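I have placed the structure first, in the form of structure tokens, so that the comments after it can refer back to it.
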Amino acid sequence: MQRPETLTQALDGAADGRPEGGYSHLVQEKDPVKFFSYAETARRARRFGAALQAAGVRAGERVGLILPDSSEFVEAIFGAMYAGAIPVPVYPPMNLGQFEGYLANTTHILRQAGCALVVTDGKVRPILGKLMSNVPSVRAVEVYQSFVKQVDERAAPIGVDVRPDDVAFLQFTSGSTSRPKGVTLTHANLIANIRALGAGLHADHETIGLSWLPLYHDMGLIGFVFAPAVLQVRGVQFMSPLLFLKRPALWLRQLSERKAHVSFAPNFAYGLCTTRIKDHELQGVDLSHLRVAGCGAEPIQYDTLRAFADRFAAWGFKRTAFLACYGMAEHSLAVTFVGLEEDLRAEAVDPEKLVRGEAAPSAADDALKVVCCGRAFPEHGLRIVDAEGQPVPDRRVGQIELRGPSVMRGYWGDAERTMQALKDGWLATGDLGYLVDGELYVCGRIKDLIIIHGRNYYPQDLEWQASQVEGVRRGNVVAFGVEDASLGRERVIVAAEVRTPHADDLRDKIAAKILETLALKPDEVVLLAPGSLPKTSSGKLQRHKTSELYRDGQLGKGAVKAGTLDVIKHLATSRWGYIRAAFGSRDAED
Amino acid sequence: MTEAASPTYEAVLAKMFAYFDENLAEKPASPVTEQSHLIQDLRLDSMQSFEMVSDLEDQFGITMPMELFQHVVTVGDVAREVVKVIAQERGEA
């Protein structure tokens, strides 16, 4: 069989080559699992593509997809590609009257992408309200079920020739709310990355995958929607991310029931399983078929994964199933993998030396554990550079840069930031790491991104929301995250200058405002007297400096709580923070 | 199981108050009532709301629909949903 060069060819190839293979969907716990073969998925996708054409969507136009149901989502994203349109997955609203923040995000994404049409479901449609008037390019907001019924079941788009260099879809994963970045990926980018990761996983025609990852995120979408078709695996089962969050045991039960071989999740998910799952929820569960439990999308904590392995060994989980990886949307999905069946490895390094950018092994108690993320794929380049962009030798910490067929074309409609990210063919990742014999160890980020539960939050967004609270000195707020091993995630701190420093209710109001609008709960709000936050000579707030002060207990009321942080964590944050700060000056964005 | 044995709205509320009493890391400024707002008053983040729902499911042996969070705002809203689901599930049984 000819190797597919586009994702539409891939789905057609899978439909022909694997008639019994396909996608299964578990949306509600009590509903039966829905199964659609690759062939049936392709037919339904074509129908959606035909409906897009009937609605006047032309090749190259962007179509926003807000579809919580995984079967509708899979059909729609392939369908848009069959029609030559560019699908733009947008995350559905999750919960609790946070619609104000949700709508703002969605509006910015649809506007940045210049979407011509939005397709959603009947439950989300009313929430979208006056979206259309806020995004002038949007001609209609359609409901999936009724939209496809406008054309015949066997309808297919006509006159479309999908080429490898065509844009396959836009991945909005990064950028602050008001200026989201649309990672632009071609079919060729995605096929290259999927081929490489498929080889790394030894994915074959017998492989069964299972995923609860959101499909509007690269790991769920590329890893479990696109890759299975390209690699023609036996099948993939999706379960709703909400089901996992509500009942983590369901993930392990489904893995056992489906005898799944491959699953992926961010670090936090493994921690959630260890703390939330009760033994009685795992009756009869057997995880011995699971040969790859991938871990990526956020910093990997060695202790979190070890705790998971120890806890679930009794149910057949093999520690060697852990596959630590490093990846990012700008590189399609995966950048490095460790070898299959390798034991999870972390290096203990000397924190003092790390301050100076040197990763020296250490046996001391205060050593930092850095997880090995493996090697770059064949035909892909990875290097570590210093602040001047010069490559550095092994064990020197610097910025990770990437090159090769998986690297994005750029950020949609944003030449300025594309030029910042792509220089001479190298993609600057904004992440810090070091190499040892070709293996990558990821240390942290240059940018002040806060990653909680696999989601990226921009400090600017938290700061802006806090500034909206009456009594806060507008624009005099700094938000940042510090690594916290005891939480298994970053600790989120918001420091705000207020007009009356002892107005304790302001602390609550700020926390509530951020929780309502961004669905993120700050771990601590520090109220400060006017003029307490460090500023540059030009009057710009200094985020790194603020977090340094916080850690050293020098920042207003933060002093007391910072003192309770355990020693290693304290060292870790100061070290990463220091290295970050050394590179931060290059980051023009802030 | 008879209809009369189904827990009342008040009984569900009582279970929820007990749950919050045990599980809220920061005590809310005023006591939890049925009018307490899940986010504004109790400061539940999404992980904590999911945890609360799975606890309610365990306590009453029910399965809550996933769209729940698209329309609940207060403690009372959740309790009413629980009563509704219990009634539905017993009706089907």
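Read-outs: derived from the displayed coordinates by stated rules, not from any lab. The model shown is predicted, which means the values in this text are computed figures rather than measured ones. Positions of Cβ are generated from backbone atoms using ideal geometry, with glycine treated the same way; all protein chains shown enter the neighbour counts.
Of note:
- Peptide ranges A:2-9, A:59-66 listed from the most packed, as the mean C-beta count within 10 angstrom indicates: A:59-66, A:2-9
- About its Cα centre, the dipole of the range A:214-312 is roughly 240 debye, where the only charges are +1 on Lys and Arg Cβ and -1 on Asp and Glu Cβ.
- Peptides A:278-284, A:129-135, A:311-317, A:296-302 ordered by average Cβ neighbours within 10 Å, highest first: A:296-302, A:311-317, A:129-135, A:278-284
- Peptide-level mean, for A:242-250, of C-beta atoms on other protein chains within 10 Å: 5
- Anisotropy class of the range B:45-89 from Cα gyration tensor, a/c 1.5 cut: oblate
- Helix A:567-584 vs. chain A, principal-axis angle (Cα, 0 to 90°, nearest 10): 80 degrees
- Scanning residues 5 or more positions from A:Ala360 or on other chains, those with amide H under 5 Å from its amide H are A:Asp350, A:Leu354, with H placed 1.01 Å from N in the peptide plane.
- Counting all C-alpha pairs of the range A:7-243, share separated by more than 34 Å (%): 9 percent
- C-alpha long axis of helix A:187-201 to longest principal axis of chain A, angle in °: 80 degrees
- Taking amide H positions as modeled 1.01 Å from N, with prolines and chain starts lacking one, the residues under 5 Å from A:Leu117 and 5 or more places away or on another chain are A:Gly64, A:Arg139.
- Of all DSSP beta bridges in the range A:7-243, antiparallel share, percent nearest 5: 35 percent
- Two-site label geometry, A:Phe35 and B:Ala87: point separation in nm, points 7 Å out along Cα→Cβ: 3.8 nm
- Charge dipole (Cα centre; +1 on Lys/Arg Cβ, -1 on Asp/Glu Cβ; no other charges) of the protein assembly as shown amounts to roughly 1140 debye.
- Over chain A: helical MRE at 222 nm, DSSP H runs n ≥ 4 each giving -39500 (n - 2.57), nearest 500: -9500 deg cm²/dmol
- Loop-located trypsin sites (Lys or Arg not before Pro) across the range A:470-552 with a Cβ neighbour count of 14 or fewer within 10 Å are A:Arg499, A:Lys540, with loop assigned by DSSP.
- Packing-based order for A:148-155, A:186-193, using average beta carbon neighbours within 10 Å, highest first: A:186-193, A:148-155
- Across the range A:518-523, coupling constants 3J(HN,Hα) worked out from phi with the 6.51/-1.76/1.60 Karplus curve, θ = phi - 60°, read 10, 6, 10, 9, x, 6 Hz, and Gly and Pro carry x.
- Cα gyration tensor shape of the range A:22-154, rounded if a/c is under 1.5, else prolate or oblate by comparing a/b with b/c: oblate
- With 20 Å bins beginning at zero, the pair-distance distribution over Cα atoms of the protein assembly as shown amounts to 17, 53, 28, 1 %.
- Value of Rg to Rh for the range A:389-429 (Rh from inverse mean 1/r over Cα pairs, i.e. Kirkwood): 1.03
- Peptide B:39-47 has a mean of 6 when you count, residue by residue, the C-beta atoms of other protein chains within 10 Å of its C-beta.
- Counting, for every residue in B:57-66, the Cβ atoms of other protein chains within 10 Å of its Cβ and taking the mean gives 3.
- Candidates A:Gly316, A:Asn267, A:Leu255 compared by Cα position along the dipole of the range A:244-319: farthest toward the positive end lies A:Leu255, with charges placed on Cβ.
- Residue exposure proxy: B:Asp58, A:Asp69, ordered by other Cβ atoms within 10 angstrom of their Cβ from fewest to most, comes out as B:Asp58, A:Asp69.
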